[in-house]
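Here's the structure we're looking at; comments come further down.
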Amino acid sequence: MNTRVKHGLKNALSALLDKQQPDGHWVFEFEADAGMTAEYVLLMHFLGEPIEQTLQGRLARYLRDQQQPQGGWPLLRGGSFNLNVSVKTYFALKLLGDAPDDPHLQRACALIRQHGGAANCNVVTRIWLALYNVIPWRVLPVIPVEVILLPRWFPFHLSKIFCIPRLFTVAFSVLQVLRPTACNPQDVGITELFIHPASETTPLPRAPHQHRAWFVCFSAIDRFLHRIDPWRSKGRREKALEIAVGYVTGQLNGEDGYGAALPTIAISLVVLQALGYPRDHCAMQTARRACEKLLVVSERQAYCQPCVSPIWDTAWACRALLESGHPQGLEAALRGLDWLKQRQILDVYGGWAVARPHLRPGGWAFQYVLPNHPDVDDTALVATVMHRAMRVHPGAHYGESIARAQEWVQGMQGRQGGWGAYEADNTQYYLNSIPFAEHGMMIDHPTADVSARCLAMLGQLGATPVSEGATGDALRYLLAEQETDGSWYGRWGINFIYGTWSALEGLAATGYDPFSEAVQKARHWLILRQNEDGGWGEDTHGYSLEYPRHRPSASTPSQTAWALLGLMAAGAVEHPVTAKGIDYLLRSQKYDGTWTDPHATGTGVPRVLYMKYHGYGLYFPMLALARYCTLSQARISATEVV
């Protein structure tokens, strides 16, 4: 086995080194569902800007290839039909030139109508339909632009909203005043997707996650705001509009774009056009380039990424290379960490500073440039990997970067001991019950996976299970979040396998007792979830509100790697289940040293958006193989309690 493992590790090392960029970093493709590419098409036709013919054909081919045999499009490849993705993709294909009587669109239309038609779409899809004058603006929830004037103590203050939806919400509030209409040069419509006339579309009902009493209250407020809209103070509205427009234009963020993600970049472009910015205005051109940089174009297909993940990819690639112990890997990792060092945000007090005004910046973003919104998860990971590099290579100079990162991460800890990804103490759960929040993404509450990464950082930097302060609070929070079956919920990865691995690594980093009940229950849970082929797999059913539990699925390399890393963190290095999992990775490795996940294993918004990190099928399996080699050679015994 060891010879095979070393051979597989060598091939993976070669593949990962080949993918390093000239300046030292890594960035892999980052793919969502077909609806993301459809939004790019909808944006271009809204702006009235023609898509180059060859690119248009490749985009259409990608969208058609994602279609399921029965006619719809899923959130997750191989998953079930999703109405919102299907409506947007159908609309985009018509804009790209596909005829409604083409067999693939006929199948899609029939299936969409079987599910209630386009009138049942979510808020984001409805916004696009309103922009194309398909449905009336009155059926959209109201976000009055005047909310930007509210005092901070008010229950609906913008600082209480998670930074990503905050950016979108402010821009949307501007659009509700301006109410622009798409250029739509070909005058394409989708009336055939409505069972009743589109003009008769009604507001959305309560979503399953929304609290009944809060939703009734907020819906009444929403109806009231609709009714008084013509009589609102003109002077106050103009003042609020000026501030909101300044907020959007002040965060356009160069060629990385407003929020550095397609949905927010797209709505910023819609706002700019609605405000009358000419096509050749520098702000319009720069935001357009931000969109174009998200395109992935191959000879046959093209799609649009939701964003890019260079910080995350580079940090995990460096960690895998350091674990490999190979001199060439160490050299490449140090180049990657030097690149990361230059991107630490040390002088921008972003949105997080509203809750932590006296905390010095010190984090990293997820994307190349997003200084107002650093990410706690990325920051904890980068600091951990930098510290490991300094142990291996004493000549590495990352001490100051680590100290600033530790200061910022500890300062972002919530009162309960856990961490959210971007915000501190962002726990105003009632906001997820406003009509606009049927996606359930208005807040960034603490989660086990992010908190475990922060605990792992603290452990790497010397904390122990008996440490008080941040470490003690984090440990108590994480143990309290464990499910009764022994697993942990994964917010940012699918799902319980991801959360359980993260938690076990966090506990192990602090030296937490591997014989403890919490660790043994988690270890036992992972052992019982192994598939017959030796791997592990999980689909998105664990995010169901009715039954939030792991449901087995076909094995994937990344989820198998997470399970193996979790088992090894729990002391099960020599357990037969671990050997069987390693064998799965070796059998599924391709000739070029990589692995391929068949579907997304990352999570953007549970039940709404899932991500396929193309790097996950390389650096996580490589990390698992490297860890197995390291621990096997050290002859660390397993605790055989099953």
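The values are calculated or read from the model by the stated rules, or taken from the named source; none is laboratory data. The structure presented is a predicted model; accordingly, all values stated were derived computationally and were not measured. Note that we place each Cβ from the backbone using ideal geometry, even for glycine, and neighbour counts take in every protein chain shown. These area figures cover heavy atoms from the full protein model, side chains too; ligands, DNA and RNA do not enter into them. Shrake-Rupley method; radii C 1.70, N 1.55, O 1.52, S 1.80 Å.
Note on the range 67-83: residues that are without any contact (Cβ under 8 Å) to a residue 60 or more places away in the chain and within 23 Å of Ala119 (Cα to Cα) amount to 11. Looking at the structure I just gave you, is Asp65 open to solvent by less than 30 Å² (accessible area, probe 1.4 Å) and either in contact with a Pro (Cβ under 8 Å, 6 or more places away or on another chain) or of a type in the set (D, E, K, R) (or both)? No, not satisfied.
Taken together, the residues in the range 425-434 that are in a loop (DSSP other than H, G, I, E, B) and open to solvent by 10 Å² or more (accessible area, probe 1.4 Å) amount to 4. One residue stands out in the range 337-370 among those that are open to solvent by 70 Å² or more (accessible area, probe 1.4 Å) and in contact (Cβ under 8 Å) with a residue 12 or more places away in the chain: the one that is nearest to the chain's Cα centre (by Cα), namely Tyr368. When Lys160 is tested against the conditions (1) under 25 Å from the mean Cα position of the chain (by Cα); (2) open to solvent by 30 Å² or more (accessible area, probe 1.4 Å); (3) within 22 Å of Ala92 (Cβ to Cβ), the lone failure is (3). Any chance the range 608-622 includes a residue that's touching a helix residue (DSSP H, G or I) at 6+ places or on another chain (Cβ under 6 Å), closer than 23 Å to Ile527 by Cα and either open to solvent by 10 Å² or more (accessible area, probe 1.4 Å) or not in a helix (DSSP H, G or I) (or both)? No. The residues in the range 473-509 that are over 14 Å from Ser451 (Cα atoms) and among the polar types (S, T, N, Q) can be counted, and the count is 3. Residues of the range 290-325 that are open to solvent by 10 Å² or more (accessible area, probe 1.4 Å), in contact (Cβ under 8 Å) with a residue 12 or more places away in the chain and more than 22 Å from the chain's Cα centre (by Cα): Ser298, Arg300, Gln301, Leu322, Glu323, Ser324, Gly325. All told, Lys580 meets the bar of being open to solvent by 10 Å² or more (accessible area, probe 1.4 Å) and either in a helix (DSSP H, G or I) or closer than 18 Å to Leu478 by Cα (or both). Consider Gly72 carefully, then state whether it is in contact with a strand residue (DSSP E or B) (Cβ under 8 Å, 6 or more places away or on another chain), among the small types (Gly, Ala, Ser) and open to solvent by less than 10 Å² (accessible area, probe 1.4 Å). Against the criterion (in contact with a strand residue (DSSP E or B) (Cβ under 8 Å, 6 or more places away or on another chain), among the small types (Gly, Ala, Ser) and open to solvent by less than 10 Å² (accessible area, probe 1.4 Å)), Gly72 qualifies.
Among residues of the range 269-284 that are modelled with pLDDT under 95, those with a beta-carbon under 9 Å from a residue that is part of a helix (DSSP H, G or I) at least six positions away or on a different chain give the pairs Arg279/Leu47; Arg279/Gln273; Arg279/Gln285; Arg279/Arg288. Return yes or no: is Val376 touching a residue at least 40 places away in the same chain (Cβ under 8 Å), hydrophobic (A, V, I, L, M, F, W, C) and surrounded by fewer than 23 Cβ atoms within 10 Å (Cβ to Cβ)? So Val376 fails the test. Cβ separations smaller than 9 Å between residues 6+ apart or across chains give the following pairs from the range 177-189 residues that are part of a loop (DSSP other than H, G, I, E, B) to residues that are charged (D, E, K, R): Cys183/Glu49; Gln186/Lys94; Val188/Lys94; Gly189/Lys94.
For (1) under 25 Å from Thr169 (Cβ atoms); (2) of a type in the set (Lys, Arg); (3) in contact with an Asp or Glu (Cβ under 7 Å, 6 or more places away or on another chain), each residue gets a yes or a no:
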{"site": "Leu272", "(1), (2), (3)": "yes, no, no"}
{"site": "Leu275", "(1), (2), (3)": "yes, no, no"}
{"site": "Val296", "(1), (2), (3)": "no, no, yes"}
{"site": "Ala302", "(1), (2), (3)": "no, no, no"}
{"site": "Ser324", "(1), (2), (3)": "no, no, no"}
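When you scan the range 379-404, how many residues do you find that are assigned to a loop (DSSP other than H, G, I, E, B) and either open to solvent by 20 Å² or more (accessible area, probe 1.4 Å) or not hydroxyl-bearing (Ser, Thr, Tyr) (or both)? Total meeting the criteria: 5.
Out of Leu111, Leu93, Leu105, Leu76, one residue alone is hydrophobic (A, V, I, L, M, F, W, C) and closer than 30 Å to Val271 by Cα. It is Leu93. Criterion first (of a type in the set (D, E, K, R), in a helix (DSSP H, G or I) and either modelled with pLDDT of 95 or more or open to solvent by less than 80 Å² (accessible area, probe 1.4 Å) (or both)) does Arg206 satisfy it? No. Contact map, the range 626-642: first residue polar (S, T, N, Q) and outside any loop (DSSP other than H, G, I, E, B), second residue exposed (fewer than 14 other Cβ atoms within 10 Å of the Cβ) and modelled with pLDDT of 50 or more, Cβ cut-off under 9 Å, separation 6 or more or different chains; pairs are Ser632/Met1; Ser632/Asn2; Gln633/Asn2.
The residue list Tyr277, Tyr247 contains one member that is part of a helix (DSSP H, G or I) and either over 22 Å from Val308 (Cβ atoms) or open to solvent by 20 Å² or more (accessible area, probe 1.4 Å) (or both), which is Tyr247. Of all residues in the range 428-469, those that are under 19 Å from Leu565 (Cβ atoms) and among the small types (Gly, Ala, Ser) total 5. His226 fulfils the conditions (1) without any contact (Cβ under 8 Å) to a residue 12 or more places away in the chain; (2) in contact with a Lys or Arg (Cβ under 9 Å, 6 or more places away or on another chain) except for a single criterion, (1). The selection criterion, being in a helix (DSSP H, G or I) and within 24 Å of Tyr616 (Cβ to Cβ), does not hold for Thr286. Looking only at the range 99-122, residues that are touching a residue at least 24 places away in the same chain (Cβ under 8 Å), open to solvent by 70 Å² or more (accessible area, probe 1.4 Å) and farther than 21 Å from His196 by Cβ come to 1 in all. Scanning the range 36-57 for residues that are at pLDDT 95 or above, over 26 Å from Leu76 (Cα atoms) and among the acidic types (Asp, Glu) returns a single hit, Glu52.
The listed residues are Gly78, Gly57, Gly48, and the only one of them that is more than 30 Å from Asp338 (Cβ to Cβ), open to solvent by 10 Å² or more (accessible area, probe 1.4 Å) and in contact with a His (Cβ under 9 Å, 6 or more places away or on another chain) turns out to be Gly78.
Thr125 falls short of the stated requirement of being within 14 Å of Val188 (Cα to Cα), open to solvent by less than 20 Å² (accessible area, probe 1.4 Å), touching a residue at least 40 places away in the same chain (Cβ under 8 Å) and part of a helix (DSSP H, G or I).
Would you confirm, using the coordinates I've provided, whether Arg107 is in a helix (DSSP H, G or I), in contact with a helix residue (DSSP H, G or I) (Cβ under 9 Å, 6 or more places away or on another chain) and of a type outside the set (A, V, I, L, M)? It is false that Arg107 is in a helix (DSSP H, G or I), in contact with a helix residue (DSSP H, G or I) (Cβ under 9 Å, 6 or more places away or on another chain) and of a type outside the set (A, V, I, L, M).
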